[in-house]
1. Quick test of your reading of the structure: Gly131 fulfils all but one of (1) modelled with pLDDT of 90 or more; (2) surrounded by fewer than 20 Cβ atoms within 10 Å (Cβ to Cβ); (3) within 18 Å of the chain's Cα centre (by Cα); (4) not aromatic (Phe, Trp, Tyr). Name the failing condition by number.
2. Taking the options Ile120, Ile62, name whichever one is surrounded by 15 or more Cβ atoms within 10 Å (Cβ to Cβ), of a type in the set (A, V, I, L, M, F, W, C), out of contact with any Pro (no Cβ under 9 Å at 6 or more places or on another chain) and in a strand (DSSP E or B).
3. Residues to consider are Thr36, Thr81; find the one that is at pLDDT 85 or above and either exposed (fewer than 14 other Cβ atoms within 10 Å of the Cβ) or β-branched (Val, Ile, Thr) (or both).
4. Which condition number in (1) more than 16 Å from the chain's Cα centre (by Cα); (2) closer than 15 Å to Ile62 by Cα; (3) touching a residue at least 60 places away in the same chain (Cβ under 8 Å) is the one that Lys96 fails?
Amino acid sequence: MSKIFKSVLLAAVCLTSLGCFGASWFVRGNKYNVETLVITGNYKSPRLMADLIQAESRQPYIIVPAANAKYSYWYVAMPKTDGFAMSEDKFGPWVKFSQCRRVVILGDKNCVPEKYEAMIDKSIPVVRITGDWERVSEELTFMLNLSNLKRNYVKLRRQLDQTYQPISAPAPRAPKADGKEVVPAADER
């Protein structure tokens, strides 16, 4: 056989084998073990950052309730599955059970109060990251070995700023004629 035929045959075999296993190359992160657990408050910038980290690394994140929230449940967002609510007393044991290698807290002490950081087992390294969110995205891209976080965060944050219209307070509840309160529909809240 000629050298050209052998080279073409070898290239075809290599391309076929690369195509079979190529799907796993596009997503970084450990599929089965929690390496980095992200904890943040339910605020626009850190929540977007946590979603983007999860999309690229397949790692869970936890949303803690706001300091003035009426509820005390925390939401654990799992990759590719439905998340679940967790009460405050189960937070510390769940973080330890996850066997994560590190915890990254996004936001200052107003976003994630210090008492939540104290609930984490002392054997797990904890990093709190605050500051300009575009700069934070750049540092997390490097620290977590992610390739698209900075670019996606900047792009999506600009889109979010254009479309997001915050309201200062919930709509007032109007009393009915019989004196009972009318609860607004879900889309009005």
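The values are calculated or read from the model by the stated rules, or taken from the named source; none is laboratory data. Computed from a predicted structure; not experimentally measured. Every residue, glycine among them, receives a Cβ derived from its backbone with ideal geometry; neighbour counts consider all protein chains shown.
1. Only one criterion is unmet by Gly131, namely (1).
2. That would be Ile62, the only listed residue that is surrounded by 15 or more Cβ atoms within 10 Å (Cβ to Cβ), of a type in the set (A, V, I, L, M, F, W, C), out of contact with any Pro (no Cβ under 9 Å at 6 or more places or on another chain) and in a strand (DSSP E or B).
3. Exactly one residue qualifies, and that residue is Thr36.
4. In the conditions (1) more than 16 Å from the chain's Cα centre (by Cα); (2) closer than 15 Å to Ile62 by Cα; (3) touching a residue at least 60 places away in the same chain (Cβ under 8 Å), Lys96 misses (3) alone.
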